[in-house]
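I have placed the structure first, in the form of structure tokens, so that the comments after it can refer back to it.
The values are calculated or read from the model by the stated rules, or taken from the named source; none is laboratory data. What you see is a predicted model, and the numbers here were worked out from it, not measured in a lab. Here the Cβ is made from the backbone with ideal geometry for all residues, glycine too, and neighbour counts use every protein chain on show. Keep in mind that these areas ignore ligands, DNA and RNA; they rest on the heavy atoms of the full protein, side chains included. Shrake-Rupley method; radii C 1.70, N 1.55, O 1.52, S 1.80 Å.
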Amino acid sequence: MEVDMTKVMILLQRRYNSVREVDRLTKELEKVIARGDEVSTMLILEMRGEELGKIDQCMEEIWEMGVSDKGQNEILRDLLLSDPVERVGKSREEEKIFEIRQKTEGILKSLRVVDQRLNQKLTGKKSYYNAGALAGHK
């Protein structure tokens, strides 16, 4: 049985849409935190959490496609874990999958910067992003 490339594309597109929404909400979160608006902060954090759940769900559905078949699992691993910039699709569907992944990675890169800034602002020295925290709690 072959991997349903259309389903993979649809799920990756949904994931991309949710990543875009997380990015938008994170930028909005930065604004409401700067204003000191605790009610809006909690609401946005909740909405952001829901979108993060959708992202996880999309990936779970994709990985479930390869659970029962080792060959499908290998194809999915290649589609989802290879470098989407260097990898060339063998079909139009694969090309679209790598295109969606490239767009998603671009958003995630900028999202990490904002998330790091927010995390450090809110947690100070206890931030996940501090070198000490990443090096093993110095």
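Observations on the model:
- The tail of the calculated P(r) for region 1-53 beyond 18 Å holds 45 percent of all Cα-Cα pairs.
- The fraction of all Cα pairs in the chain landing in successive 10 Å bins from 0 to the largest distance is 11, 33, 29, 20, 7, 0, given as whole percents.
- Estimated FRET transfer efficiency (residue 50, residue 119; beta-carbon r; R0 25 Å; 0.05): 0.80
- The chain, helix-only ellipticity at 222 nm - DSSP H runs n ≥ 4, -39,500 (n - 2.57), divided by all residues, nearest 500: -26500 deg cm²/dmol
- Residue-span extension gain [residue 20 to residue 57] - 0.36 nm each, minus C-alpha spacing: 11.8 nm
- Convex hull volume per residue for region 51-121, taking Cα atoms only, in Å³: 106
- Residue by residue, region 35-41 carries 3J(HN,Hα) couplings of 7, x, 8, 5, 5, 5, 4 Hz when phi is fed to the Karplus relation 6.51 cos²θ - 1.76 cosθ + 1.60 (θ = phi - 60°); x denotes Gly or Pro.
- Accessible surface of residue 128, taken over heavy atoms with a 1.4 Å probe and every protein chain present, rounds to 140 Å².
- Model label points for residue 7 and residue 86, set 7 angstrom from Cα along the Cα-to-Cβ axis, are 3.0 nm apart.
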